[in-house]
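Here is the structure we will look at.
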Amino acid sequence: MILAGGFATRLRPLSCSKPKLLFPIVGTPLVEWMARWLSSGGVDQLILAVNHLSDRLKIEVGNRVAGLTVEYSVEETPLGTAGPIRLAANLLGKGDPFLVTNGDIVSDIDIRRMLAMHEEAKADATIALVSVPDPSPFGSVLTDSNGIVKKFEEKSASPSAMSHVNAGVYVLNPSVIDSIPDGAPVSLEKEVFPKLIRNGRMQAWMHDGFWYDIGSISEYVRANRELLQRQEPNAEAPEATDQNGGEILQPSYLGAGTRIGVGAKVGPLAILSNNVSVGDEAVVRNSIIFEETSIGDRTVIEDSVVGERVVIGKGSKIRRGSIIAGQLTIPGSSMVASNSVILC
């Protein structure tokens with residue numbers, strides 16, 4: 001089950017027209033990226049707990065993604081992190097443990113091994129933990145020597161207190177559903193987990209691979225850039241390649257149907273999703289461009305994020321740190337100053 005019922009306010013203005021689960025992760029929609037990860041861990045059914053822009057998700061994702069069947073549980077009003085689990089009880093079944101993950105997690109957590117530990121420990125809940133330099137923005141977790149969770153603090157104000165934080169991935173027994181009140185906003189972290197901790201029924205799984213919480217634009221950009229650099233280089237591709245006379249500087253990613261004009265320069269660290277058009281003599285570097293965006297001739301985009309279906313007129317300059325919302329038109333010869341946010 002993926003918890004994606006929030007409004008993604010920290011990803012605005014990009015999330016005003018696009019559900020977070022459709023944000024591209026190095027060109028692949030987040031929901032597809034997560035489905036591939038979950039499938040590798042043995043998951044075969046996906047439940048999306050959604051609210052904001054749920055109709056668009058249903059249209060674009062449908063009932064299957066990356067080999068997984070998809071069902072939807074739609075919240076009429078926000079239900080926190082535990083309420084959606086109770087709402088979807090009839091979809092989760094009554095027998096086996098199930099996996100719950102936040103809808104803004106990009107990681108290589110080993111689900112099979114996490115599930116094996118859950119069953120071996122005979123826990124009611126198992127939480128994935130990850131070590132970060134500064135735990136203050138996340139939930140800090142303290143365990144004993146056997147990995148039993150002893151204390152849970154959501155978004156601790158003491159950055160040096162604990163280094164292991166809540167990774168937002170859980171294995172839960174069906175019995176946990178019964179402890180969640182029906183029809184009301186409920187927090188896993190503040191209301192459900194403390195009861196399990198008091199009874200010694202919560203186990204920790206320590207993850208030492210990569211992990212990103214892409215709930216903010218800065219972390220979304222960081223995740224894309226680092227994952228781009230993690231990708232295996234194409235041994236047959238030179239450092240710079242040509243497409244219709246344009247130059248591609250690696251590392252870069254070009255989605256299907258992307259068109260590069262004559263004399264254009266793309267990269268390094270450029271991520272272009274599907275069906276992006278880059279005009280003649282345009283420059284795009286260190287930037288993320290969502291799908292079906294058109295970049296005019298002689299336009300320069302540096303260190304920015306541009307939403308989906310944007311039209312940028314020729315000769316424009318998009319300076320460092322700028323964010324342009326989806327489905328907008330930027331007139332030709334525009335100058336967007338550094339760190340600008342363009343809403344309309």
Review point. Of the residues Val276, Val31, Val262, which exhibits the maximal mean-square fluctuation in a Gaussian network model of the chain defined by a 10 Å Cα contact cut-off?
Key: Val262
Exercise for review: Express in nm, to one decimal, how much length is gained between Lys190 and Val262 on full extension, taking 0.36 nm for each residue of separation and deducting their alpha carbon distance.
Suggested key: 20.3 nm
Review point. Rg and Dmax of the stretch 243-323, using alpha carbons, in Å: what are they?
Key: 10.5, 29
Revision key, fill the gap. Along the stretch 40-45, Karplus-curve 3J(HN,Hα) (6.51, -1.76, 1.60; θ = phi - 60°) to the nearest Hz, with x for Gly and Pro, reads 5, x, x, 6, 10, 9
Check your understanding: When DSSP beta bridges are limited to those with both residues in the chain, what percentage is antiparallel, rounded to the nearest 5?
Key -> 35 percent
Study note, to complete from the structure: Taking alpha-carbon centroids only, the stretch 180-219 lies from the stretch 262-309 a number of Å equal to 38 Å
Practice item. Measure nothing but the geometry: give the 0 to 90° angle between the long axis through the Cα atoms of 217-230 and the longest principal axis through the Cα atoms of the chain, rounded to 10°. Key: 80 degrees
Review point. Taking the chain as a Gaussian network, where each spring joins two C-alpha atoms under 10 Å apart, which residue of Ile295, Ile59, Ile271 fluctuates the most?
Key: Ile59
Check your understanding: For Arg64, Arg201, what ranking results if the residue with the fewest other Cβ atoms within 10 Å of its Cβ goes first?
Key -> Arg64, Arg201
**Study point:** Relative contact order computed over the stretch 2-228 (Cα-Cα under 8 Å; 6+ residues apart), in percent
**Key:** 25 percent
Point to revise | Nonlocal amide H pairs with Thr143, under 5 Å, H built at 1.01 Å | key: Lys150
Check your understanding: In nm, to one decimal, how far is the modelled label at Arg222 from the one at Thr329, with both set 7 Å along Cα→Cβ?
Key -> 3.8 nm
**Study point:** Rounded, prolate or oblate (a/c below 1.5 giving rounded, otherwise prolate when a/b exceeds b/c) for the stretch 180-319 by Cα gyration tensor
**Key:** prolate
Review point. Relative contact order (percent) for the stretch 240-342, with alpha-carbon contacts under 8 angstrom and 6 or more residues of separation?
Key: 17 percent
Revision key, fill the gap. Least to most buried among Glu292, Glu308, by other C-beta atoms within 10 Å and fewest first, runs Glu292, Glu308
Check your understanding: How far, in degrees from 0 to 90, does helix 111-121 lean away from the longest principal axis of the Cα atoms of the chain, to the nearest 10?
Key -> 10 degrees
Check your understanding: Add -39500 (n - 2.57) for each DSSP H run of 4 or more in the chain, then divide by its residues: what number comes out at 222 nm, to the nearest 500 deg cm²/dmol?
Key -> -4500 deg cm²/dmol
Point to revise | Residue exposure sequence - Trp205, Trp33 - by fewest surrounding Cβ within 10 Å | key: Trp33, Trp205
**Study point:** Cross-link pairs Lys18/Lys190; Lys20/Lys150; Lys18/Lys58; Lys122/Lys195; Lys94/Lys150 - those with Cα-Cα distance over 23 Å
**Key:** Lys18/Lys190; Lys20/Lys150; Lys94/Lys150
Study note, to complete from the structure: Note on the stretch 192-344, DSSP bridge orientation, antiparallel percent to nearest 5 equals 10 percent
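Given axes a ≥ b ≥ c from the Cα gyration tensor, I'd like to know whether the stretch 1-43 is rounded (a/c under 1.5), prolate (a/b larger than b/c) or oblate.
oblate
Bear in mind that the values in this text are calculations on the coordinates, not laboratory data. Fair warning: this is a prediction, and the values are worked out from it, not measured in the lab. Note that we place each Cβ from the backbone using ideal geometry, even for glycine, and neighbour counts take in every protein chain shown.
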